[in-house]
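Novice: I'd like to ask some things about the structure below.
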Amino acid sequence: MSSQLRRAIRDAAVALGIFFLVLVLGSAAAWLAMSVLGLPAWASSLMVQLTFICASLTMARFLTGGCRGLGLILRTSGLFHASLASIVVAVVLVWAISLVPQEGARGLPELVGDPLLLAILTLLVAPPCEEMFFRGLLQGYIMGREHRRLSMVLPAILFSAVHAIPFRSAGVAMLSAILVGALALGLIAGYFRAANGSLLHAVLAHFWFNVVGYIAMMI
C-alpha cells in the first residue's frame, strides 16, 4: 500500500470520526428539544441544523485553519453555473421521483403544516447549516490534506446517508430515490466548492435544489 493511499485512508477515517461525533451531538440536541423540552418536531430539526453550524465553526480552527478553510470567502465566478446545474438535476430527479409508486410514501416523515415555516427551514436554514458542515468542515478538511477527489465524494456520500434517518420508514423505491437525489446534490455542491474554493457556490446549489423540491411539494 502506497504512502499516499495510507494517508488518504487515515484522513478519511478522521472525517468519518468528525461526522459521527457531530451526528451524535445533533441527535442528542434533537432528543433534548423533543423529549425534555417538549418542543415540536420542527424545533428538533432546527437543533440539528444549529449543531451542524456551531460544530463547524468550533472545529474549523483545528481542522481547516479557520474560516477561509471553511470556504467563507466571497467569490462570484461560477455561481450561475452552480445554480443552473443544481436546478436542471433537481428537475430531472423530481420528475423521476414522481414516477415512484406512492405506496412507499406512507412512511415519509410528517411535513411541517405551515408552508412558510417549511420554506424557512428548507430554503433559509438547511442550505447554509448543512453546507457549512459537509462542504465547509468535512470537505475543507479533506481538501486541506490534498485529496481533491475524495473531498468531493466522501462528504456527498455522508450527506446522502444522513437523509436515510428521517426517511427510514419510506418504501425502498422512495428511499432510494431520495438518497440518489441527496447524493447528486452533494456531488454538485462538492464540485463547485472544490472548483471555486467558496462555500457560497455549495449553499446556492443547495438552495436552488430545495426550491425545486419545495415547489414540487406544494404543487
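Novice: At 222 nm, what value in deg cm²/dmol follows for the chain if DSSP H runs of at least 4 each add -39500 (n - 2.57) and the sum is divided by all its residues, to the nearest 500? Can you show the working numbers first?
Specialist: Working: 9 runs with 149 residues, N = 219.
It comes out at -22500 deg cm²/dmol, rounded to the nearest 500.
Novice: Something else: Round to the nearest 0.05 the FRET efficiency obtained for W95 and I73 when R0 = 25 Å and r is the Cβ-Cβ distance.
Specialist: Working: r = 35 Å, r/R0 = 1.41.
Calculated transfer efficiency: 0.10.
Novice: Taking all pairs of different Cα atoms in the chain, averaging 1/r and flipping that mean, what Kirkwood radius in angstroms comes out? Intermediate results must be reported in sequence, preceding the final value.
Specialist: On the way: mean 1/r = 0.0562 Å⁻¹.
For the chain, the Kirkwood estimate is 17.8 Å.
We did not get these values from a lab; they are worked out from the coordinates using the rules stated. These numbers come from a predicted model, not from an experiment. We place every Cβ from the backbone using ideal geometry, glycine too, and count neighbours over all the protein chains shown.
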